[in-house]
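Okay, so here's the structure we're looking at.
Values quoted throughout were computed directly from the atomic coordinates according to the rules given, and no laboratory measurement underlies them. Keep in mind it's a predicted model, so treat the numbers as computed, not measured. When we count neighbours, we look across all protein chains shown, and the Cβ atoms used for this are built from the backbone with ideal geometry, even at glycine.
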Amino acid sequence: MKLQRIQIQSFRNIVNAELFPDERFNIIVGDNAQGKTNILESIFLLGTMKSFRMVKNADLITYNFPYSLVKGWGVRDGVVREITLSIRTSGKKAFVDQKPVVRPSDFFGTINTVVFSPEDIAMVRGLPEMRRRYLDRAIFSGDTGYLSTHHEYFKILKNRNVLLKKGDTNGLSVWTERLADAGARLMEKRETFIEEIQELFKEYYSTIAGLGEHAFLRYHSRITEKNRSRSSLCDALCHALEKSTAEELRRGTTLTGPHRDDLECTLNNKPLNHHGSQGEQRSFILALKMAEIEYLRKRWGNPPVLLLDDMTSELDRNRSGNLMDFLKEKDMQVFITTTSLNAINLAGISNYSTFPVHDGKVLSEVTNV
């Protein structure tokens, strides 16, 4: 899938904008706080209905406007589809070819996106919640059914926590069993995803950083069951929940489950957040994104649309060059934000489009051939 046309209305500081992107490279250039990232965010929303920034719907709507509207026309295998997302404070509505989306499967997978942003670098050093959020977002991009499993788990978790806060044990065992079942399915999908990208990830890290360093991903859970089948995970999780019930009643919350798990990032068998340099951490995340791109290409038969937000501030010249070399070999559409064209290594790229942005306005497009 590649975007042929994008329309943005009353989205953050962009009142009205229209872009006709190049099928390969698109450079969105301008000073800070002008709206460059907002354009990437709108594209990401067309693929996921979610922002890659922690925001509420109201934050996405231009001040004093009732709603935002984002449209994209994408082509895949010669077929053009129109995707529309209407955003109000009360929620979002999606349309495909002007028809309301009834089932998530009718929307998700139409436009697949991968984003590389400064927030991703912070993920290594941040709280486990940030790594769980990345993991869930990456899996969902390739598995539309994951969203319903995720929602089911957290709905059950909420109901179980209500009982724990009240100190009410009536019916608690039922919610515990349901939580263990949904949690096992969630954990299984997370572990499967990591297994599928592991070798790709290690290969890309070696490409970026050079040989001699061993990068590794591991799904870290309090459940240490050796037989990681879904049924064994369910039994182990149920047992752990029952074992900690007294402490959970005291604290009023569920203490065990995938909502507490983590994505463990190690380099040479040491935790990356404590022992990795900034360069190593950036290389790690970059390799993770490369692996995610290849995973989605295999999953959907087409590479995703890649969104690179302020890449030059996060990567040194060598790593930036490695990334661009990787992208030149892939038949994929790329959107890059930058404060200066000179910061982007465009050597070897025969054609690309440049979109200057100032104060929420997209100025005249420049096509370079």
Review point. On full extension of the chain, what length is gained from His239 through Arg251, given 0.36 nm per residue of separation minus the C-alpha to C-alpha distance?
Key: 2.5 nm
Review point. Within the chain, what percent of beta bridges assigned by DSSP are antiparallel, to the nearest 5?
Key: 70 percent
Check your understanding: Just going by the charge dipole of the chain, with Lys and Arg at +1 and Asp and Glu at -1 on Cβ, which of Leu267, Pro303, Thr62 is farthest out on the positive end?
Key -> Thr62
Review point. Under a point-charge model restricted to the Cβ atoms of Lys and Arg (+1) and Asp and Glu (-1), what is the dipole moment magnitude of the range 156-251 relative to its Cα centre, in debye to the nearest 20?
Key: 500 debye
Review point. Separation between the Ser173 and Asp143 pseudo-spin-labels, each 7 Å from Cα along Cα→Cβ, expressed in nm?
Key: 3.1 nm
Review point. Taking only Cα atoms, what is the 0 to 90° angle, nearest 10, from helix 317-329's long axis to the longest principal axis of the chain?
Key: 80 degrees
Review point. Across the range 235-361, how large is the tail of the calculated P(r) beyond 27 Å, expressed as a percent of all Cα pairs?
Key: 45 percent
Point to revise | Label corresponding to P(r) over Cα pairs in 10 Å bins from 0, in percent when calculated from the structure given, among [x] 4, 20, 26, 22, 15, 8, 3, 1, 0; [y] 5, 22, 30, 25, 13, 4, 0; [z] 6, 23, 28, 22, 14, 7, 1, 0 | key: [y]
**Study point:** Dipole of the chain, positive direction: furthest Cα of Ser283, Gln333, Met1, with charges on the beta-carbon
**Key:** Met1
**Study point:** Chain lengthening between Leu363 and Glu23 when straightened (0.36 nm per residue, less Cα-Cα)
**Key:** 120.5 nm
Practice item. Give the relative contact order (percent, whole number) for the chain; include only Cα pairs under 8 Å separated by 6+ residues. Key: 26 percent
Practice item. For the range 206-299, please report how many Lys pairs fall under 26 Å Cα to Cα, leaving out neighbours fewer than 8 apart on the same chain. Key: 4
Check your understanding: Which distance in Å, rounded to a whole number, links the C-alpha centroids of the range 79-105 and the range 18-35?
Key -> 24 Å
Check your understanding: Can you list the lysines whose alpha carbon is less than 20 Å from that of Lys36, not counting same-chain residues fewer than 8 positions off?
Key -> Lys2, Lys50, Lys56, Lys71, Lys361
Review point. For Glu177, Glu199, what ranking results if the residue with the fewest other Cβ atoms within 10 Å of its Cβ goes first?
Key: Glu199, Glu177
Check your understanding: In whole Å, what three semi-axes, largest first, describe the equivalent ellipsoid of the range 119-288 built from its Cα gyration tensor (square root of 5 times each eigenvalue)?
Key -> 33, 16, 14
Review point. Given Cys234, Thr169, Phe216, which one lies farthest toward the positive end of the charge dipole of the range 127-240, if we put +1 on the Cβ of every Lys and Arg and -1 on the Cβ of every Asp and Glu?
Key: Thr169
Check your understanding: In whole Å, what is the distance between the alpha-carbon centres of the range 249-278 and the range 297-353?
Key -> 31 Å
Point to revise | Relative contact order computed over the range 119-288 (Cα-Cα under 8 Å; 6+ residues apart), in percent | key: 33 percent
Review point. In nm, what is the difference between 0.36 nm times the number of residues separating Ala33 and Asn302 and their Cα-Cα distance?
Key: 93.6 nm
Study note, to complete from the structure: Treating only Lys and Arg (+1) and Asp and Glu (-1) as charged, each at its beta carbon, one finds that the range 119-288 has a dipole about its Cα centre, in Debye to the nearest 20, of 600 debye
Point to revise | Electrostatic dipole magnitude of the chain [Cβ: Lys, Arg +1; Asp, Glu -1; Cα centre; debye, to 20] | key: 1000 debye
